[in-house]
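Undergrad: Got a structure for you, questions after.
The values are calculated or read from the model by the stated rules, or taken from the named source; none is laboratory data. Remember, it's a predicted structure, so these values are computed and weren't measured experimentally. Reconstructed Cβ throughout: ideal geometry from the backbone, glycine too, with neighbour counts over all protein chains shown. Calculation scope for accessible area: heavy atoms of the full protein, side chains included, ligands and nucleic acids excluded. Shrake-Rupley method; radii C 1.70, N 1.55, O 1.52, S 1.80 Å.
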Amino acid sequence: MSSENIKQGNPLAEEKIGRLIARFAVPAIISMLVSSLYNIVDQIFIGQGVGILGNAATNIAFPVSIICTATALLLGIGSASNYNLEAGAGRNERAAEIAGNGLAMLVICGVSIGAIVLIFLNPLLHLFGVTKEILPYAQDYTGITAIGIPFLILTTGGNHLIRADRSPTYSMTCMLTGAILNTILDPLFIFVCHWGIKGAAAATVIGQVVSGLMVIYYFARKRKMELKRSMFLPKAGYLKMIVSLGMASCINQIAMAIVQITMNNTLRYYGAQSMYGSEIPLACVGVISKVNMVFMAIAIGISQGCQPIWGFNYGAHNYDRVREAYKKAFAICIVLGVVFFGCFQLFPRQIVSIFGSGSEAYFHFAERYFRIFMFVTFMNGIQPMSSGFFTSIGKSKLGIVVSLTRQIIFLLPLILIFPLFMGIDGVMYAGPIADGAAALVAIIFAEREMKALQQGNVVLE
């Protein structure tokens with residue numbers, strides 16, 4: 001550890017790893033859970049107040065949410081990771097320059113994506129696999145939520161920089177405030193005002209706007225980093241650094257969007273040939289995807305909470321602390337994975353029932369999909385956590401490779417090939433095979449990195 005860091009007494013360099021993980025990861029987990037609650041709460045109230053077609057509409061709109069998250073993570077994680085590495089090396093002004101560039105690009109990209117979704121709404125919905133019956137619901141929901149996209153991207157990306165600025169509790173508060181507001185307004189707009197799916201969309205937008213304004217207030221009034229107005233002018237060199245370290249998380253989300261779109265179209269095609277029809281599989285998978293978001297939010301939250309610990313200590317050459325933090329994060333992901341695996345296998349019908357009623361065929365498909373597709377949940381936290389680890393220590397290429405394994409390298413080909421021989425069941429069995437293979441790849445790369453850190457044989461990209 002450098003003498004400068006000792007002098008500063010930075011807790012990232014000195015505090016016990018377990019305590020640091022709790023301090024940074026718990027707010028990050030809550031922030032991620034709250035972020036996923038926007039979709040889950042909408043799904044629950046829409047299922048109760050609108051029905052299966054409403055649930056299917058939110059599934060069709062889900063790729064837009066994923067694309068927004070991908071952009072936010074590209075800029076937010078990319079900025080925060082570089083900020084942590086630069087701050088750990090004692091280059092504080094350079095770190096602040098990177099943060100300013102990241103914040104500026106979050107605003108620019110948010111406004112641009114919102115405009116694109118509104119202009120090309122119908123072509124996008126058809127690309128995402130909408131059916132004639134679902135289209136009106138999807139138009140209403142996606143058209144309204146597009147208004148909140150700039151605030152969604154600013155909140156999601158900006159919170160990474162708030163955590164990097166050593167304010168994890170404020171980051172959590174930003175997300176929590178918007179989600180609580182959304183949860184209160186959803187039933188009010190849907191059941192009292194009788195606005196249906198439009199009400200759910202309006203509640204989501206209002207929550208996102210409030211969270212976004214809180215992020216703006218933090219960087220205007222409460223920040224610890226020394227930001228100057230000139231730092232918000234994007235510079236090519238800093239943007240390249242941001243994209244380099246944010247690309248792994250971004251690609252993982254883009255891969256999720258590609259897989260979701262492919263899966264929607266696959267379910268629509270093969271569902272029409274099955275006893276379930278097209279709408280039941282689309283609605284069920286939409287519900288199950290949202291439920292799985294709860295587990296993935298925790299795993300990603302652990303990764304995001306640990307990134308300041310990994311990045312700062314790697315930049316300060318405290319490799320033993322890096323190893324310790326990774327091993328503890330790995331153990332936490334496994335324990336949580338086992339808990340969720342048990343819930344998914346034992347209580348699938350009860351979980352699906354939370355999101356509304358349906359026919360016996362609806363519940364039959366949902367139970368089978370839950371038990372088969374989610375069969376390797378106990379290992380599913382390893383891959384996203386490890387991808388975040390490699391990104392945080394500056395190994396962006398390795399982070400990208402690990403992030404691509406599950407969605408693109410394994411799952412996408414399998415959901416195209418298996419249904420050719422197994423019909424709609426092929427989609428279900430593609431899941432656990434892809435999950436297991438991705439986890440094993442992540443473990444192999446992580447084990448190699450742990451040995452290199454132990455030996456001090458560190459190779460930078």
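Undergrad: What net charge do the residues around Val352 carry, taking every other residue with its C-beta under 14 Å from that of Val352, with Lys and Arg at +1 and Asp and Glu at -1? Mind dumping the intermediate values first?
TA: Values: positive: Lys290, Arg349, Arg368, Arg371; negative: Glu360, Glu367.
Once all neighbours under 14 Å are counted, the net charge is +2.
Undergrad: Compute the long axis of helix 17-49 from its Cα atoms, compare it with the longest principal axis of the Cα atoms of the chain, and write down the angle in degrees, 0 to 90, nearest 10.
TA: Taking Cα atoms only, the helix is inclined about 20 degrees.
Undergrad: Given Gly51, Ala25, Thr156, which one lies farthest toward the positive end of the charge dipole of the chain, if we put +1 on the Cβ of every Lys and Arg and -1 on the Cβ of every Asp and Glu?
TA: Selected residue: Ala25.
Undergrad: Under 20 Å Cα to Cα from Lys222, which aspartates and glutamates show up? Leave out anything in the same chain fewer than 8 places away.
TA: The qualifying aspartates and glutamates are Glu93, Glu97, Asp165.
Undergrad: Indicate the gyration tensor shape class of the stretch 93-198 (rounded, prolate or oblate), computed on the Cα atoms with a ≥ b ≥ c the square roots of the eigenvalues: a/c under 1.5 is rounded; otherwise a/b larger than b/c is prolate and the rest oblate.
TA: On the way: a/c = 3.55, a/b = 1.55, b/c = 2.29.
Because a/c hits 1.5 or more and a/b fails to exceed b/c, the stretch 93-198 counts as oblate.
Undergrad: On C-alpha positions alone, give me the angle between the axis of helix 319-346 and the longest principal axis of the chain, in degrees, nearest 10.
TA: 10
Undergrad: Rolling a 1.4 angstrom probe over the protein chains, ignoring ligands and nucleic acids, what is the accessible area of Glu14 in square angstrom, nearest 10?
TA: Glu14 exposes around 90 Å² with every protein chain in place.
Undergrad: Could you give the length gained by full extension between Val339 and Leu127, i.e. 0.36 nm per residue of separation minus their alpha carbon distance, to one decimal place?
TA: On the way: separation 212, 0.36 × 212 = 76.32 nm, distance 3.59 nm.
Between Val339 and Leu127, full extension yields an extra 72.7 nm.
Undergrad: Okay, next question. Size of the chain along its principal axes in angstrom, Cα-based, largest extent first?
TA: Here the spans come out as 68, 43, 35 Å, largest first.
Undergrad: Please name whichever of Leu12, Pro348, Cys193 sits farthest to the positive end of the charge dipole of the chain, dipole taken about the Cα centre and charges placed at Cβ: Lys and Arg +1, Asp and Glu -1.
TA: Leu12
Undergrad: Now, a different point. What are the ³J(HN,Hα) values, in whole Hz, obtained from phi via the Karplus relation 6.51 cos²θ - 1.76 cosθ + 1.60 with θ = phi - 60°, for each residue of the stretch 63-68 in sequence order, with x given for Gly and Pro?
TA: Ordered by residue, 3J(HN,Hα) equals x, 5, 4, 5, 5, 5 Hz.
Undergrad: What is the angle, in °, between the Cα long axis of helix 135-145 and the longest principal axis of the Cα atoms in the chain? Nearest 10 is fine, range 0 to 90.
TA: On a 0 to 90 degree scale, this one is about 30.
Undergrad: Calculated FRET efficiency, Lys222 and Arg448, Cβ-Cβ r, R0 35 Å, to nearest 0.05? Present the calculation step by step, with values, prior to reporting the outcome.
TA: On the way: r = 41 Å, r/R0 = 1.16.
In this case the efficiency is close to 0.30.
Undergrad: Something else now. On a C-alpha basis, how far is the centre of the stretch 41-104 from the centre of the stretch 315-339 in Å? Whole number, if you could?
TA: The distance from the Cα centre of the stretch 41-104 to that of the stretch 315-339 comes to 23 Å.
Undergrad: Given 0.36 nm per residue, what is the gain on full extension from Arg349 to Leu135 after removing their alpha carbon distance, in nm? Before the final figure, lay out each step's value.
TA: Details: separation 214, 0.36 × 214 = 77.04 nm, distance 2.72 nm.
Result for the pair: 74.3 nm of gain on full extension.
Undergrad: Which distance in Å, rounded to a whole number, links the C-alpha centroids of the stretch 116-182 and the stretch 384-409?
TA: 24
Undergrad: From largest accessible area down, sort Ile334, Ile415; use a 1.4 Å probe on the protein chains. Don't skip to the end; give the middle numbers.
TA: Details: Ile334 55, Ile415 0 Å².
Result of the area sort, largest leading: Ile334, Ile415.
Undergrad: Of the chain, which part is the longest with no trypsin sites (Lys or Arg not before Pro) in a loop (DSSP not H, G, I, E, B) and with at most 13 other C-beta atoms within 10 angstrom?
TA: Details: sites that count: Lys16, Lys132, Lys224, Lys228.
The answer is 229-461.
Undergrad: Ok, one more. Considering the options Cys333, Asn92, Ala146, tell which one lies farthest towards the positive end of the dipole of the chain, charges being +1 on Lys and Arg and -1 on Asp and Glu at the Cβ, about the Cα centre.
TA: After comparing all options, I get Asn92.
Undergrad: Here is a follow-up. Which pairs in the list Lys327/Lys451; Lys328/Lys451; Lys240/Lys290 are over 21 Å apart, alpha-carbon to alpha-carbon?
TA: Working: Lys327/Lys451 12 Å; Lys328/Lys451 16 Å; Lys240/Lys290 33 Å.
Exceeds cut-off: Lys240/Lys290.
Undergrad: If I compute solvent accessible area with a 1.4 Å probe over the protein chains, what percent of it on the stretch 208-347 is carbon and sulfur? Intermediate results must be reported in sequence, preceding the final value.
TA: Working: 3790 of 5650 Å².
The value for the stretch 208-347 is 67 percent carbon and sulfur by accessible area.
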